[in-house]
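To start, the structure under review is shown below, and the notes come after it.
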């Protein structure tokens with residue numbers, strides 16, 4: 001394909017060819033497959049009007065489901081932040097036998113289908129499961145409680161923090177740490193005031209990614225959640241329930257809210273990444 | 001280990017601490033990752049190999065496997081083509097709205113799978129925008145293969161693009177500009193300069209995209225129609241078996257997908273191991 | 001594979017017989033627990049039709065929660081026939097113009113070839129001594145039942161409990177409501193479908209009593225181990241009528257009306273009624289029912305229409321948004 005004639009360029013983006021083709025195809029594909037269908041979602045609730053929309057969202061059951069989905073995702077993201085930092089540190093800074101296998105397995109939640117994860121987790125944490133049995137002897141029930149939802153969402157978000165931190169940890173030179181040590185800081189002080197702040201942007205990015213991923217999760221949660229309205233019913237399930245009641249507008253309303261919050265999260269994420277890039 | 005505290009280098013952690021941290025990390029990963037994986041295989045093989053084989057040879061399982069493969073075979077190349085086009089546009093050119101475009105490309109990543117299926121029902125379902133038109137022309141989208149493919153494309157939309165955009169941005173434009181200034185055409189430049197540089201990123205993206213495409217459950221569940229032997233993908237077939245009290249069979253099919261996951265991870269690791277230096281070199285991170 | 005086989009068979013037979021043998025495919029969209037039933041019925045119908053007309057009929061099945069299936073059909077799932085859990089779900093399809101308004105009178109017995117009821121499945125030995133509905137709300141008892149919003153069987157269970165309290169001596173609407181409210185306070189997990197609840201109870205070991213379709217309970221005994229569970233029939237329960245209908249718009253488009261109507265009529269024949277009884281659905285045919293009397297204890301069966309009127313009202317009152325069920329689950333219970 002010859003370089004595009006300048007006829008339709010409103011400015012010269014670059015000396016390279018293919019701008020029109022690549023951007024055109026990108027926009028077309030994006031619009032047809034993502035934007036137009038999402039528009040259908042956004043438009044649908046309006047058939048019940050703004051007041052109807054507000055009513056759906058004010059309903060206690062909907063509020064609970066959203067709180068559960070977002071709340072459990074937040075807790076799961078927090079767990080993944082703490083342990084993800086630990087795992088990333090261990091994988092980058094230490095050597096131990098089998099490290100490569102461990103490193104590879106971190107990506108399992110990316111590769112394993114959600115339904116498979118769902119039935120595996122619900123089998124594992126059921127009252128007669130390998131983990132569920134000893135836990136229930138101590139009075140802790142995981143399956144069919146919000147705790148089960150948190151466990152499933154922790155699984156789902158696990159790789160995000162680790163994979164976001166690893167390249168940063170690898171890159172991070174030890175000079176700053178060594179300088180701090182020479183200046184008399186203890187190891188702990190060094191970690192707290194030199195290493196941790198340097199990792200913070202990536203840590204937050206990873207946590208935000210894990211959170212965004214967890215909020216809408218369905219397949220792995222649905223087998224282990226209790227689905228009790230107001231207690232252990234996740235928002236995506238509520239969408240399905242409303243759909244099956246023929247309340248398409250209501251289902252779409254919840255979908256729009258989740259979409260809006262996800263969009264805001266994404267924007268924040270991208271801003272975070274821009275900030276951390278600027279800090280380098 | 002015979003280090004004494006005073007002989008530790010300033011950026012090393014105390015060996016006991018190291019052991020403790022490694023142990024905790026492994027315990028966490030073991031509980032959350034390894035055990036579920038082991039559970040799948042344990043349940044699958046609890047009746048022996050013959051039962052697993054029978055479950056996989058069964059007609060509905062075979063058509064589920066076929067449907068999953070066809071869906072991935074359509075969705076993944078399309079998303080790969082898109083990923084390449086989008087990263088070319090974003091990385092090699094400057095234009096206003098680039099940040100917004102990237103955010104929009106990322107959007108499906110954080111949309112709930114249930115919503116991802118719902119939107120296509122809203123557009124193509126009988127009560128949706130094009131429903132009547134489609135019915136009149138006897139075109140089946142929802143509750144048939146096209147709907148499943150669309151939902152899968154949506155859910156795996158950003159995988160390749162997300163991998164390639166930062167990569168190509170990092171790599172900059174100098175090499176391509178040099179090629180163009182030497183008289184190479186656009187395609188030629190792409191084929192001989194860009195493609196070799198991005199091939200590992202592309203491969204990663206395709207691997208992850210494929211794994212997700214084959215394993216997608218929520219979105220496909222909404223648009224599938226659950227017709228046994230026709231519109232059940234493997235994850236849906238697993239759910240169906242689970243609901244039919246055929247737990248061993250359900251886990252047997254699940255173990256196929258789990259194996260696929262392990263193969264994906266292994267491939268990724270092998271690639272990283274063998275071509276690690278090349279990857280680091282093109283990554284400029 | 002099925003299609004290839006059918007094609008080869010058709011070719012062979014059309015050579016063997018002089019008649020033109022067609023390949024016909026139907027889609028039966030059904031509710032959750034009927035998988036085993038329709039596997040058997042479809043095989044019987046296919047050979048019956050083959051013998052009479054020479055065509056090869058393949059019937060594809062889709063199963064799911066009754067409400068979900070109803071929604072799928074209105075969204076375009078190309079069903080030739082629907083065999084759902086309750087009349088409301090077929091009415092909903094009819095309301096969208098896909099099924100004629102008089103669908104329920106087109107076939108005998110309110111278009112219901114088989115009936116069922118709601119029974120209790122308990123652990124072997126019945127440790128909680130569950131005999132009747134009030135036992136379900138004894139302190140500490142955990143009841144498993146699916147979500148009425150998504151499951152047809154769950155709606156029948158809800159109404160059965162309501163009817164019991166209503167019909168009990170001194171019963172009225174308020175008492176019924178209080179009873180049902182108490183009942184759902186004993187439910188630790190709501191699965192989306194009947195099958196999910198049975199799995200939760202039988203496989204996961206959750207709960208002390210499962211409220212289930214009669215046929216589901218028997219199937220659970222068969223598949224999950226008769227030595228672990230037993231069925232308890234309360235003295236009174238509801239007569240659950242899962243109706244069937246052709247989907248007019250679709251069969252006319254596919255030109256499958258005659259086969260579809262024959263398929264549904266087939267459900268009333270002795271042969272099919274025997275299959276239904278064997279799968280623990282109560283056949284309409286009195287003779288078949290009598291010959292299987294051991295499987296179907298006679299209990300008082302409340303009549304839905306008498307107590308609740310019609311499904312439009314019942315759905316709106318109890319299960320629709322902000323209905324009684326939603327009110328029961330108001331947080332802060």
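The values are calculated or read from the model by the stated rules, or taken from the named source; none is laboratory data. Worth saying up front: this structure is predicted, and the values here are computed from it rather than measured. All Cβ positions, even for glycine, are placed from backbone atoms using ideal geometry, and neighbour counts span all protein chains on display.
Here are some notes:
- Taking region A:136-152 as the range and being part of a helix (DSSP H, G or I) and crowded, with 21+ Cβ neighbours inside 10 Å as the test, the residues that pass are A:148, A:149, A:150, A:151, A:152.
- Residues of region A:159-180 classified as farther than 25 Å from residue A:80 by Cβ, surrounded by fewer than 20 Cβ atoms within 10 Å (Cβ to Cβ) and touching a helix residue (DSSP H, G or I) at 6+ places or on another chain (Cβ under 7 Å), total: 1
- Residues in region B:140-160 that are modelled with pLDDT under 90 and in a helix (DSSP H, G or I): B:158, B:159.
- Helices (runs of 4 or more DSSP H) fully within region C:237-333 counting 2 or more residues that are within 14 Å of chain A (Cβ to nearest Cβ) and surrounded by fewer than 21 Cβ atoms within 10 Å (Cβ to Cβ): C:311-314, C:324-328
- Subset tally (residues that are under 16 Å from residue B:247 (Cβ atoms), crowded, with 24+ Cβ neighbours inside 10 Å and away from chain B (no Cβ under 11 Å)) for region C:187-233: 2
- Options A:240, A:222, A:254: the member that is within 11 Å of chain B (Cβ to nearest Cβ) and outside any helix (DSSP H, G or I): A:222
- Any chance residue C:207 is at pLDDT 90 or above, touching a helix residue (DSSP H, G or I) at 6+ places or on another chain (Cβ under 7 Å) and part of a loop (DSSP other than H, G, I, E, B): yes
Results for (1) touching a strand residue (DSSP E or B) at 6+ places or on another chain (Cβ under 9 Å); (2) within 8 Å of chain B (Cβ to nearest Cβ); (3) more than 30 Å from residue A:221 (Cβ to Cβ); (4) not in a helix (DSSP H, G or I), shown as yes or no for each residue.
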site	(1), (2), (3), (4)
A:100	no, yes, yes, no
A:110	no, yes, no, no
A:120	no, yes, no, no
A:134	no, no, no, no
A:154	no, yes, no, no
A:170	no, no, yes, no
A:176	no, no, yes, no
A:181	no, yes, yes, no
A:197	no, no, yes, no
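- Region C:173-195 - residue that is in a helix (DSSP H, G or I) and in contact (Cβ under 8 Å) with a residue 60 or more places away in the chain and, of those, nearest to residue C:147 (Cα to Cα): C:194
- Qualifying residue in region B:104-115 (condition: surrounded by fewer than 16 Cβ atoms within 10 Å (Cβ to Cβ) and more than 27 Å from residue A:222 (Cα to Cα)): no
- Screening region B:233-245 for residues that are more than 17 Å from residue B:41 (Cβ to Cβ), more than 7 Å from every other protein chain (Cβ to nearest Cβ) and more than 19 Å from the chain's Cα centre (by Cα) and picking the one that is modelled with the highest pLDDT gives B:237.
- Filtered by the rule that a residue be in contact (Cβ under 8 Å) with a residue 60 or more places away in the chain and either over 14 Å from the mean Cα position of the chain (by Cα) or more than 11 Å from chain B (Cβ to nearest Cβ) (or both), region A:199-209 gives A:199, A:201, A:202, A:203, A:204, A:205, A:206, A:207.
- Filtered residue count, region B:178-187, keeping only those that are modelled with pLDDT under 85, assigned to a helix (DSSP H, G or I) and surrounded by fewer than 17 Cβ atoms within 10 Å (Cβ to Cβ): 1
- Condition check for residue A:104 on (1) within 7 Å of chain B (Cβ to nearest Cβ); (2) buried (at least 21 other Cβ atoms within 10 Å of the Cβ): one failure, at (2).
- Flag for residue B:91 being touching a residue at least 24 places away in the same chain (Cβ under 8 Å), within 13 Å of chain A (Cβ to nearest Cβ) and over 28 Å from residue A:237 (Cα atoms): yes
- Taking region C:42-159 and the strands (runs of 3 or more DSSP E) fully enclosed by it, the elements with 2 or more residues that are within 14 Å of chain B (Cβ to nearest Cβ) and under 30 Å from residue A:251 (Cα atoms) are at C:56-63, C:81-83.
- Checking residue C:165 against (1) under 30 Å from residue B:240 (Cβ atoms); (2) not in a strand (DSSP E or B), the condition it does not meet: (1)
- Checking each residue in region B:188-205 for being surrounded by 19 or more Cβ atoms within 10 Å (Cβ to Cβ), more than 11 Å from chain A (Cβ to nearest Cβ) and modelled with pLDDT of 85 or more picks out B:198, B:202, B:205.
- Residue in region A:62-79 that is within 7 Å of chain B (Cβ to nearest Cβ), in a helix (DSSP H, G or I) and touching a helix residue (DSSP H, G or I) at 6+ places or on another chain (Cβ under 7 Å) present: no
- Filter result for residue B:127 (over 15 Å from residue B:213 (Cβ atoms), within 10 Å of chain A (Cβ to nearest Cβ), surrounded by fewer than 20 Cβ atoms within 10 Å (Cβ to Cβ) and without any contact (Cβ under 8 Å) to a residue 12 or more places away in the chain): yes
- Selection within region A:122-157 - under 20 Å from the mean Cα position of the chain (by Cα) and closer than 22 Å to residue C:142 by Cβ: A:146, A:147, A:148, A:149, A:151
- Cβ-Cβ under 6 Å pairs, at least 6 apart or on other chains, region C:125-139 side touching a residue at least 40 places away in the same chain (Cβ under 8 Å), far side assigned to a helix (DSSP H, G or I): C:133/C:164; C:136/C:183; C:137/C:182; C:137/C:183
- One residue stands out in region A:225-237 among those that are assigned to a helix (DSSP H, G or I) and more than 7 Å from every other protein chain (Cβ to nearest Cβ): the one that is nearest to residue A:68 (Cα to Cα), namely A:235.
- Only a single item in (1) more than 15 Å from residue A:107 (Cβ to Cβ); (2) at pLDDT 85 or above; (3) assigned to a helix (DSSP H, G or I) is not met by residue B:230, and it is number (3).
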